[in-house]
Every structure is written in C-alpha cells, then in structure tokens.
Amino acid sequence: MTTSTIHQALIDHAGLGALVGDRIYRGRLPQSPTYPLIMFVCAEEPENLLIGESESEHHMIQLECYATSYTLLDSIKEQLKRALYDSSDFVAICTAISDDQYQDEQKNYSIFLDFSIWFQP
C-alpha cells in the first residue's frame, strides 16, 4: 500500500467530496487554485521494534485545508478526519491540529492536520 491509497481514500469519501470535489493535491498546489481544497505531503517512517523492524508500513501525513469561510473549513476538517478514520485500508490517528488562520493575500482560511497512518502487511 502506498500514499496513493491514502489519496484514493480521501477522493472516495462522499462527505469530503461534497465539500472539495476532487481538489485534493499531493505535494503542491496548482498555480491558480480553486477553493476549497486540500493539499497533503506524506513520508514513510520505518518502525523499529526491540525484535527488529515492524512488518507494518507507517506513514506520517500532513494535510493542509483551505476554504473561503471558517464554517466551511471546519466542515472540511471534520470530514477529512472521518475519511481517514473510516478507511478499511489502514489505521489513522490524528496527532496534531494547528490553529486555523486567515490569509489576507489569498483571502482564505487554513488549518493543518498531522496524522500517523499504519498499513498492515
């Protein structure tokens, strides 16, 4: 399983899709993005145990959510958590949520969420 599995879980989630459509990007945003949207970066983290390396894959993922209103941003955050928690392909745990911010230049709100995700072999 790879980060494409995570991306697909987000794309396939009906509640999240109703809010952002297919505007879920990995690594970087398009030059003139349409809001609301989600961008994420993902890194595989080896997990070592006292008896050696774990058989499960562990990924750290940071998600950035952007919306034109705070209410919409909050809804995206909740649906994003549901999309990751409800997936049958992996186990996800939210490890951090930053404070929401307003960005004057882009005229939008943003929030950052960090997750640890484990895939079983």
Determine whether ASP74 is within 16 Å of HIS7 (Cα to Cα), acidic (Asp, Glu) and at pLDDT 90 or above.
no
Would you tally the residues in region 78-92 being out of contact with any strand residue (DSSP E or B) (no Cβ under 7 Å at 6 or more places or on another chain) and surrounded by 17 or more Cβ atoms within 10 Å (Cβ to Cβ)?
3
So GLN31 passes all but one of these: (1) surrounded by fewer than 17 Cβ atoms within 10 Å (Cβ to Cβ); (2) modelled with pLDDT of 90 or more; (3) not in a loop (DSSP other than H, G, I, E, B); (4) not hydroxyl-bearing (Ser, Thr, Tyr). Which condition number does it fail?
(3)
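Under the condition of being of a type in the set (Ser, Thr, Tyr) and within 13 Å of the chain's Cα centre (by Cα), which residue from region 66-97 is farthest from GLY15 (Cα to Cα)? Give the steps one after another, and end with the answer.
First pass over region 66-97, keeping only residues of a type in the set (Ser, Thr, Tyr): 66, 68-71, 75, 85, 87-88, 95.
Those left that are additionally within 13 Å of the chain's Cα centre (by Cα): 66, 85, 87, 95.
On the way: TYR66: 16, TYR85: 13, SER87: 13, THR95: 22 Å.
Going through the qualifying residues, I end up with THR95.
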Checking LEU63 against (1) at pLDDT below 95; (2) in a strand (DSSP E or B): exactly one of these is not met. Which one?
(1)
Filter result for SER75 (surrounded by 13 or more Cβ atoms within 10 Å (Cβ to Cβ), assigned to a loop (DSSP other than H, G, I, E, B) and in contact (Cβ under 8 Å) with a residue 40 or more places away in the chain):
no
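Working only within region 93-121, note down all residues that are farther than 20 Å from TYR35 by Cβ, among the polar types (S, T, N, Q) and surrounded by 14 or more Cβ atoms within 10 Å (Cβ to Cβ). Give the derivation first.
Of the residues in region 93-121, the ones farther than 20 Å from TYR35 by Cβ are 93-96, 114-121.
From what is left, the residues that are among the polar types (S, T, N, Q) are 95, 116, 120.
Result: SER116, single match.
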Applying the selection to region 82-94, what residues are farther than 20 Å from LEU72 by Cβ and either at pLDDT 95 or above or in a loop (DSSP other than H, G, I, E, B) (or both)?
TYR85, ASP86, SER87, SER88, ASP89, PHE90
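The values are calculated or read from the model by the stated rules, or taken from the named source; none is laboratory data. Only a predicted model underlies this, so the values are computations on that prediction, with no experimental measurement involved. Please note: Cβ atoms are built from the backbone with ideal geometry, for glycine as well, and neighbour counts cover all protein chains shown.
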